[in-house]
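Student: The structure is given below, and queries will be raised subsequently.
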Amino acid sequence: MEPHINIGILSSSQIRFIFNEDYFSENKLYSGLQTAMYENGKVRFNDELLDKIIFSAENKNSASFDLLDVVIGIGFHWERKENQRFKGDLKIIARDGELIAVNIISVENYLASVISSEMSATSSLELLKAHAVISRSWLLAQLDAKKEVKSCVSQMISTDTERIKWYDKDDHCHFDICADDHCQRYQGITRATTDCVQQAIDATCGQVLMYADKICDTRFSKCCGGISELFQSCWQDKHYDYLLPVEDKPNSKVCTEKMTEQDLEQFVKHPSAGDFCNTTDAVVLSQVLNSYDQETPDFYRWQVEYSQIEVSQLLKKKLHIDFGEIIDLIPVERGVSGRLIKLKIAGTKRTLVLGKELEIRKALSNSHLYSSAFIIEKKNIENNIPQKFILTGAGWGHGVGLCQIGAAVMAEKGYLYGEILFHYFKNTELKNIY
């Protein structure tokens with residue numbers, strides 16, 4: 001039987017929403033513009049104080065509601081607000097000093113939005129099929145994991161000399177998944193869908209990737225940069241036999257050895273022309289990159305420069321630590337794809353080892369550094385203090401699992417969706433579970 005899921009869309013002290021047809025709650029009908037307010041741990045709606053309120057449509061097939069001022073791209077360089085339209089039910093709860101708007105919807109209807117939000121609805125059919133399967137698999141694997149993991153405590157190691165944090169099982173206590181890049185982009189029916197999207201959903205309905213009789217945790221990122229990464233390099237220290245570092249090219253091999261600094265410099269500065277994700281094809285990129293993603297043109301290889309003042313102020317702002325002047329940024333541990341797992345920040349006042357990869361990316365950018373697979377060059381050294389740091393890197397995102405740009409190129413080259421999936425997820429099988 002197809003499950004229904006709870007998706008956290010928006011958190012705010014006030015939530016405004018519009019019912020485009022009649023919705024009801026506790027036998028009362030509502031339509032048009034509505035406002036809910038947070039007040040003393042409760043939801044204030046129509047002069048009532050409630051623990052929660054759920055609105056359901058009279059006509060579930062055609063009815064929709066709009067949420068106003070939804071924040072998308074949270075923490076990224078293109079963060080912004082937009083109005084979004086949804087099908088399904090709307091639940092509003094009061095938690096932790098604010099209201100949370102939650103959309104309750106069936107898995108397959110959710111997926112129709114996800115694959116139109118994560119990429120263009122005009123993408124090739126085989127790419128859409130592949131993404132439908134991994135989005136469904138990831139979602140259902142998270143629901144299974146929530147049954148086993150009851151804690152909502154952050155996973156973090158913090159001492160005077162080390163700060164290591166990863167993001168996974170401290171995810172969401174009040175709903176199943178969120179609607180932003182932390183989980184999967186879900187923007188309701190705001191993004192235009194097509195017959196091709198529905199065809200991909202219908203063709204793969206109930207289909208997931210399996211390994212050892214369990215649904216696979218099918219991670220994905222925008223661009224692996226040429227080699228994908230191990231799960232444990234980015235999240236908890238857990239190994240999955242199907243999430244392996246693979247070369248993003250035809251007849252690829254599984255990589256087992258971690259790169260040396262010299263290997264990584266060669267990899268970053270002299271990339272392979274044969275990598276699937278090494279493309280500038282505007283048609284292919286438009287399938288994976290929505291309009292705001294296309295504001296980032298350099299994703300396969302990229303470079304940023306920081307002056308001494310910029311990097312010291314940035315690290316102070318992001319980590320709330322005064323390192324003084326930054327003497328060095330020293331790789332401590334890397335994954336097989338070259339992504340940093342631990343980075344030592346050495347300053348004149350303080351030294352700290354930081355990890356894992358997302359914490360490093362957040363610390364070295366006002367939003368998010370494209371990836372942690374970068375080499376570090378120090379320039380203009382005065383009294384042992386570099387006056388400039390140059391970071392040259394590969395890829396966009398954590399690099400685990402499917403590479404979206406690589407998968408788009410594979411589809412354009414004629415690969416079927418099963419071939420795309422088995423390229424990125426080794427030792428797996430496709431199975432229908434409902």
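The values are calculated or read from the model by the stated rules, or taken from the named source; none is laboratory data. Because the structure is a prediction, the values reported are computed rather than measured. Counting neighbours? That spans all protein chains shown, and the Cβs are built from the backbone with ideal geometry, glycine included. All accessible areas refer to the heavy atoms of the entire protein, side chains included, with ligands and DNA or RNA removed. Shrake-Rupley method; radii C 1.70, N 1.55, O 1.52, S 1.80 Å.
Student: What pairs come up if the first residue lies in segment 325-336 and is free of Cβ contacts under 8 Å to residues at least 60 places away in the same chain, the second is assigned to a loop (DSSP other than H, G, I, E, B) and loosely packed, with under 15 Cβ neighbours inside 10 Å, and their beta carbons are under 7 Å apart, counting only those six or more places apart or on different chains?
Tutor: Pairs found: Ile327/Thr348; Ile327/Asn384.
Student: Now for a different question. Tell me, please, whether a residue that is free of Cβ contacts under 8 Å to residues at least 40 places away in the same chain, surrounded by 12 or more Cβ atoms within 10 Å (Cβ to Cβ) and in a loop (DSSP other than H, G, I, E, B) can be found in segment 37-57.
Tutor: Yes, segment 37-57 contains a residue that is free of Cβ contacts under 8 Å to residues at least 40 places away in the same chain, surrounded by 12 or more Cβ atoms within 10 Å (Cβ to Cβ) and in a loop (DSSP other than H, G, I, E, B).
Every residue, every condition in (1) over 19 Å from the mean Cα position of the chain (by Cα); (2) open to solvent by less than 30 Å² (accessible area, probe 1.4 Å), yes or no:
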site	(1), (2)
Lys81	no, no
Lys91	yes, no
Ile105	yes, yes
Ala112	no, yes
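Matching residues to (1) among the acidic types (Asp, Glu); (2) surrounded by 24 or more Cβ atoms within 10 Å (Cβ to Cβ):
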{"site": "Leu343", "(1), (2)": "no, yes"}
{"site": "Lys356", "(1), (2)": "no, yes"}
{"site": "Glu359", "(1), (2)": "yes, no"}
{"site": "Lys362", "(1), (2)": "no, no"}
{"site": "Leu369", "(1), (2)": "no, no"}
{"site": "Cys403", "(1), (2)": "no, yes"}
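Student: Can you name the condition, by its number, that Asp170 falls short on among (1) surrounded by fewer than 18 Cβ atoms within 10 Å (Cβ to Cβ); (2) modelled with pLDDT of 75 or more; (3) assigned to a loop (DSSP other than H, G, I, E, B)?
Tutor: Here Asp170 meets the rest and fails (2).
Student: Quick check: is even one residue across segment 179-193 in contact (Cβ under 8 Å) with a residue 40 or more places away in the chain, open to solvent by 40 Å² or more (accessible area, probe 1.4 Å), under 28 Å from Leu343 (Cβ atoms) and out of contact with any His (no Cβ under 7 Å at 6 or more places or on another chain)?
Tutor: If we filter segment 179-193 for residues that are in contact (Cβ under 8 Å) with a residue 40 or more places away in the chain, which is where we start, we get 179-193.
If we keep only those that are open to solvent by 40 Å² or more (accessible area, probe 1.4 Å) too, we end up with 181-182, 189-193.
With the extra rule that they be under 28 Å from Leu343 (Cβ atoms), the set shrinks to 181-182.
Cutting the leftovers down to out of contact with any His (no Cβ under 7 Å at 6 or more places or on another chain) gives us 181-182.
Yes - at least one qualifying residue is present in segment 179-193.
Student: Give me the pairs: first residue in segment 419-434 and at positive phi, second residue open to solvent by 20 Å² or more (accessible area, probe 1.4 Å) and of a type outside the set (D, E, K, R), beta-carbon distance under 9 Å, and six or more apart or on different chains, which are they?
Tutor: Asn427/Tyr211; Asn427/Ala212; Asn427/Leu244
Student: Moving to a separate point now. Check Lys222, Lys249 and return the single one that is basic (Lys, Arg) and in contact with a helix residue (DSSP H, G or I) (Cβ under 6 Å, 6 or more places away or on another chain). Give the derivation first.
Tutor: Details: Lys249 fails: in contact with a helix residue (DSSP H, G or I) (Cβ under 6 Å, 6 or more places away or on another chain).
Answer to the check: Lys222.
Student: Are there any pairs with C-beta distances below 9 angstrom linking a residue in segment 382-393 that is in contact (Cβ under 8 Å) with a residue 12 or more places away in the chain to a residue that is hydroxyl-bearing (Ser, Thr, Tyr) and in a strand (DSSP E or B), with the two at least 6 apart or on different chains, and if so which?
Tutor: So the pair list comes out as Gln387/Ser307; Lys388/Tyr306; Lys388/Ser307; Phe389/Tyr306; Phe389/Ser307; Ile390/Tyr306; Leu391/Tyr306.
Student: Residue check: is Val409 of a type in the set (Val, Ile, Thr), open to solvent by 10 Å² or more (accessible area, probe 1.4 Å) and modelled with pLDDT of 95 or more? Don't jump to the end; show me each part of the working.
Tutor: Details: of a type in the set (Val, Ile, Thr): yes; open to solvent by 10 Å² or more (accessible area, probe 1.4 Å): yes; modelled with pLDDT of 95 or more: yes.
Yes: the conditions hold for Val409.
Student: OK, next. Restricting to segment 256-272, name every residue that is touching a residue at least 60 places away in the same chain (Cβ under 8 Å) and either buried (at least 18 other Cβ atoms within 10 Å of the Cβ) or outside any loop (DSSP other than H, G, I, E, B) (or both).
Tutor: Step one: filter segment 256-272 for residues touching a residue at least 60 places away in the same chain (Cβ under 8 Å), giving 256-259, 261, 263-265, 267-269, 271.
Selection gives Met259, Glu261, Asp263, Leu264, Glu265, Phe267, Val268, Lys269.
Student: Please give the number of the condition Lys388 fails out of (1) closer than 30 Å to Asp144 by Cβ; (2) surrounded by fewer than 18 Cβ atoms within 10 Å (Cβ to Cβ); (3) of a type in the set (Lys, Arg).
Tutor: (1)
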